[in-house]
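Enquirer: Pasting in a structure now, in structure tokens, and then I'll have a few things to ask.
The values are calculated or read from the model by the stated rules, or taken from the named source; none is laboratory data. Computed from a predicted model, the values in this text were never measured in an experiment. A quick note on method: Cβ atoms are made from the backbone with ideal geometry, for glycine too, and the neighbour counts reach across all protein chains shown.
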Amino acid sequence: MTRPYRGVFPVVPTIFTETGDLDLAGQKRCVDFMIDAGSNGLCILANFSEQFVLSDDERTVLMETILGHVAGRVPVIVTTTHFSTRACAERSRRAQELGAAMVMVMPPYHGATIRVPEAGIVEFFRRVSDAIDIPIMIQDAPVSGTSLSAELLARMAREIAQVSYFKIEVPQAAGKLRTLIELGGDAIEGPWDGEEAITLLADLDAGATGAMTGGGYPDGIRQIVDPYLAGDREAAVAAYGRWLPLINHENRQCGIATAKVLMKEGGIIACDAVRHPLSPVHRATRAGLLDAARRLDPLVLRWAR
């Protein structure tokens, strides 16, 4: 795929063994399934990859393993978020060296109270941009606790070379996307939807050209995005209505564990554990997720059979 990157780029979950170690064989099967299920690209080491429970050494192993295994079949976005400008730039440079198509970065934050003023945020992204030659996607998400106005995002798109993609997953995302596109014009190469596609239809109506969702059913998300981008909104609306119960179950009930629960049920991976201190999904919640999925017959439940 050449730029601009468009379509469905789901987050790859990190696969663990029952003892909590990295399961690299399972990780590769996970990636193969996600590509076969129609992912236009992938994102690794994101929050839905449980990046916050990984050591720096494990991040490196996963980046090298996944990028090497994908081997250019689809573009891969690597999340390189770090509070330190220097560390984020170094992570981003290494991702580029290993073949990443893009990096995704949140504004610098730490804990509940340590934030950086607007001038520092701009300089942070400018320095990361100076370190690489691939696009930066700014992740605008509540988890950072940092308010990024559409005006600030558009300004950075115009002024900072590699800042050109934006994953918007804040309340009223569609309105923010619309304003961002109006203010940024051609500098906004990729206005994208996030948050497991819970606002996908409204975001597509606002001009989103990409969706970064969970990794369990990219085939289902493509049934929404493909017709919409091809000009058939009615088909997209109908598909959104079919898949919304499962999307909602992921967004509001099972969260980070969703893709792994589906992949284990389908025989793709051996263990669907999240890493402590995260808690496993309650068996009744798991049953509800699987009931919603089976009604749609996603590839995840058939791929390994």
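Enquirer: Of the residues Gly231, Gly220, which single one is farther than 26 Å from Arg294 by Cα, of a type in the set (Gly, Ala, Ser) and out of contact with any strand residue (DSSP E or B) (no Cβ under 9 Å at 6 or more places or on another chain)?
Expert: Numbers: Gly220 fails: farther than 26 Å from Arg294 by Cα.
It is Gly231.
Enquirer: Do we find a residue being at pLDDT 95 or above, part of a loop (DSSP other than H, G, I, E, B) and of a type in the set (S, T, N, Q) anywhere in the range 184-199?
Expert: yes
Enquirer: Filter the range 1-53 down to the residues that are in a loop (DSSP other than H, G, I, E, B) and hydrophobic (A, V, I, L, M, F, W, C) and list them by number.
Expert: Here is the first cut: in the range 1-53, the ones in a loop (DSSP other than H, G, I, E, B) are 1-6, 9-10, 12-15, 17-21, 23, 37-41, 45-46, 50.
Scanning the range 1-53 gives Met1, Phe9, Val12, Ile15, Ala37, Leu45, Ala46.
Enquirer: Then there's this: Name the single residue, out of those in the range 129-177 being among the charged types (D, E, K, R) and closer than 19 Å to Gly99 by Cα, that is surrounded by the fewest Cβ atoms within 10 Å (Cβ to Cβ).
Expert: Just the residues of the range 129-177 that are among the charged types (D, E, K, R), to begin with: 130, 133, 140, 151, 155, 158-159, 167, 169, 176.
Of the ones still in play, those that are also closer than 19 Å to Gly99 by Cα are 130, 133.
Numbers: Asp130: 11, Asp133: 9.
Per the stated criteria, the residue is Asp133.
Enquirer: Got a sec? Which of Val274, Val225 is in a loop (DSSP other than H, G, I, E, B), at pLDDT 95 or above and either buried (at least 22 other Cβ atoms within 10 Å of the Cβ) or not charged (D, E, K, R) (or both)?
Expert: Exactly one residue qualifies, and that residue is Val274.
Enquirer: Still on this model: Checking the structure you have, find out if any residue of the range 103-119 is within 19 Å of the chain's Cα centre (by Cα), farther than 22 Å from Gly145 by Cβ and in a loop (DSSP other than H, G, I, E, B).
Expert: Looking through the range 103-119, none of the residues is within 19 Å of the chain's Cα centre (by Cα), farther than 22 Å from Gly145 by Cβ and in a loop (DSSP other than H, G, I, E, B).
Enquirer: Identify all residues within the range 120-155 that are of a type in the set (Val, Ile, Thr), in a helix (DSSP H, G or I) and under 19 Å from Glu189 (Cβ atoms); write none if there are none. Before the answer, list the steps.
Expert: Here is the first cut: in the range 120-155, the ones of a type in the set (Val, Ile, Thr) are 121-122, 128, 132, 134, 136, 138, 143, 146.
Filter again for in a helix (DSSP H, G or I), leaving 121-122, 128, 143.
Residues satisfying the conditions are Val122, Val128.
Enquirer: Here is a follow-up. Out of the range 110-167, which residues are at pLDDT below 95 and aliphatic (A, V, I, L, M)?
Expert: Ala112, Val143
Enquirer: Continuing with this model, one more query. If you check every pair at least six apart or on different chains, which have Cβ atoms under 8 Å apart with a residue in the range 8-22 that is at pLDDT 95 or above first and a residue that is among the charged types (D, E, K, R) and outside any loop (DSSP other than H, G, I, E, B) second?
Expert: Between residues of the range 8-22 that are at pLDDT 95 or above and residues that are among the charged types (D, E, K, R) and outside any loop (DSSP other than H, G, I, E, B), the close pairs are Val8/Arg222; Pro13/Lys260; Ile15/Lys260; Leu22/Glu58.
Enquirer: Consider only pairs whose beta carbons are under 7 Å apart and that are at least six residues apart or on different chains; among these, list those whose first residue lies in the range 267-290 and is closer than 15 Å to Gly216 by Cα and whose second residue is in a helix (DSSP H, G or I) and basic (Lys, Arg).
Expert: If the second residue must be in a helix (DSSP H, G or I) and basic (Lys, Arg), the pairs left are Ile268/Arg29; Ile269/Arg29; Ile269/Lys260; Cys271/Lys264; Asp272/Lys260; Asp272/Lys264.
Enquirer: Still on this structure: If you check Ile35 against the conditions, is it free of Cβ contacts under 8 Å to residues at least 60 places away in the same chain and among the aliphatic types (A, V, I, L, M)? Please lay out each step first, then the result.
Expert: Numbers: free of Cβ contacts under 8 Å to residues at least 60 places away in the same chain: yes; among the aliphatic types (A, V, I, L, M): yes.
So Ile35 fits the description; yes.
Enquirer: When you scan the range 231-249, do you find a residue that is of a type in the set (S, T, N, Q), crowded, with 17+ Cβ neighbours inside 10 Å and under 20 Å from the mean Cα position of the chain (by Cα), even just one? First the steps, then the outcome.
Expert: Let us first name the residues in the range 231-249 that are of a type in the set (S, T, N, Q), namely 248.
The next check asks that each one be crowded, with 17+ Cβ neighbours inside 10 Å; those that pass are none.
No, every residue in the range 231-249 fails to be of a type in the set (S, T, N, Q), crowded, with 17+ Cβ neighbours inside 10 Å and under 20 Å from the mean Cα position of the chain (by Cα).
Enquirer: Say whether the condition of being assigned to a helix (DSSP H, G or I), of a type in the set (A, V, I, L, M, F, W, C) and touching a residue at least 40 places away in the same chain (Cβ under 8 Å) is met by at least one residue in the range 232-241.
Expert: Initially, the range 232-241 is screened for residues assigned to a helix (DSSP H, G or I), giving 233-241.
Subset that is of a type in the set (A, V, I, L, M, F, W, C): 235-239.
So of that shortlist, the ones also touching a residue at least 40 places away in the same chain (Cβ under 8 Å) come out as none.
Scanning the range 232-241, I find no residue that is assigned to a helix (DSSP H, G or I), of a type in the set (A, V, I, L, M, F, W, C) and touching a residue at least 40 places away in the same chain (Cβ under 8 Å), so the answer is no.
Enquirer: Tell me which residues, restricted to the range 156-175, are touching a helix residue (DSSP H, G or I) at 6+ places or on another chain (Cβ under 7 Å), under 20 Å from Ala95 (Cβ atoms) and in a strand (DSSP E or B).
Expert: Those that are touching a helix residue (DSSP H, G or I) at 6+ places or on another chain (Cβ under 7 Å), under 20 Å from Ala95 (Cβ atoms) and in a strand (DSSP E or B): Val163, Ser164, Phe166.
Enquirer: Also, I was wondering about something else. Given (1) among the basic types (Lys, Arg); (2) out of contact with any helix residue (DSSP H, G or I) (no Cβ under 7 Å at 6 or more places or on another chain); (3) assigned to a helix (DSSP H, G or I), identify the lone condition not met by Arg178.
Expert: Of (1) among the basic types (Lys, Arg); (2) out of contact with any helix residue (DSSP H, G or I) (no Cβ under 7 Å at 6 or more places or on another chain); (3) assigned to a helix (DSSP H, G or I), only one is false for Arg178: (2).
Enquirer: For the list (1) surrounded by fewer than 19 Cβ atoms within 10 Å (Cβ to Cβ); (2) within 25 Å of Ile160 (Cα to Cα), I need the number of the one condition that Ala211 fails.
Expert: (1)
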